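Engineer: Can you read through this structure? Questions will come right after.
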Amino acid sequence: MFLQGKNLFLRDLQFNDLEKRVSWLSDPKITHFFTNLATSPITITSMQEWYQKASKNTNHELHFAIITNDGNHIGGSQLKEIDWRNRSAEFGIFIGEKNEWGKGYGTEATKLLIKFGFMSLNLHRIWLRVDADNLAAQKCYEKVGFIKEGIFRDEVYREGNYHDSVVMSILKYEYNPNF
């Protein structure tokens, strides 16, 4: 699968992407706001095991690599928990290359995957969880059309404290392909 944007594209996550992903997901600065990261250390072996399972479950989860037009692999995005009966999916994204933060890549990748979810998969609802303290991510999601639905109080334990998660969603009829 290949989704082309202006400055980047999304392609299927591949086996040779895993080493870079292990490096990113082992960096506390990158995963600081993650709401659902595994508690055990991420190793190349655990990542390969995860990849094998995820590759067999493409009816319920789709994982993409975010690649800049110059070929730099900078992060990942996914639609998971795809519920075909109710036509909904959970969205997730991260930019793993810290030197690429703040350049609009997250917003562009989000737009591409949301468009794919609504126009190609015929989803009705795409939702996400975001750490309540991650204001930059919330701004990105609102820019794309996500609306805050509620809060999961004290959902994430991080650095000795509990933190809230914000639940956001966008419905197909709210989606604007021209944003």
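Engineer: Rounded to a whole number, what is D in µm²/s for the range 2-127 from Stokes-Einstein with the Kirkwood radius over alpha-carbon pairs (20 °C, 1.002 mPa s)?
Structural biologist: Result for D is 143 µm²/s.
Engineer: How high is the FRET efficiency from residue 7 to residue 173, r the C-beta distance, R0 41 Å, rounded to 0.05?
Structural biologist: Taking R0 as 41 Å, the efficiency between residue 7 and residue 173 is 0.90.
Engineer: Give me the distance between the Cα centres of the range 1-56 and the range 158-179, rounded to whole Å.
Structural biologist: 20
Engineer: Given a Förster distance of 25 Å, report the FRET efficiency between residue 46 and residue 81 from their Cβ-Cβ distance, rounded to the nearest 0.05.
Structural biologist: Here the calculated transfer efficiency is 0.75.
Engineer: With the alpha-carbon atoms as the only input, what is the per residue convex hull volume for the range 59-179 in Å³?
Structural biologist: Residue-normalised Cα hull volume stands at 118 Å³.
Engineer: Right, here's the next one. I'd like to know which of 77, 16, 117 lies farthest towards the positive end of the charge dipole of the chain, counting +1 on Cβ of Lys and Arg and -1 on Cβ of Asp and Glu.
Structural biologist: In the chain, that residue is 117.
Engineer: Another one. Project the alpha carbons of the range 19-93 onto their principal axes and report the range along each, largest first, in whole Å.
Structural biologist: Per principal axis, max minus min of the Cα coordinates gives 37, 34, 25 Å.
Any read-out appearing in this document is the output of simple, stated calculations on the displayed coordinates, not a laboratory observation. Bear in mind that the values here come from a model prediction, so they are computed numbers and not experimental data. All Cβ positions, glycine included, derive from the backbone under ideal geometry; neighbour counts span all protein chains shown.
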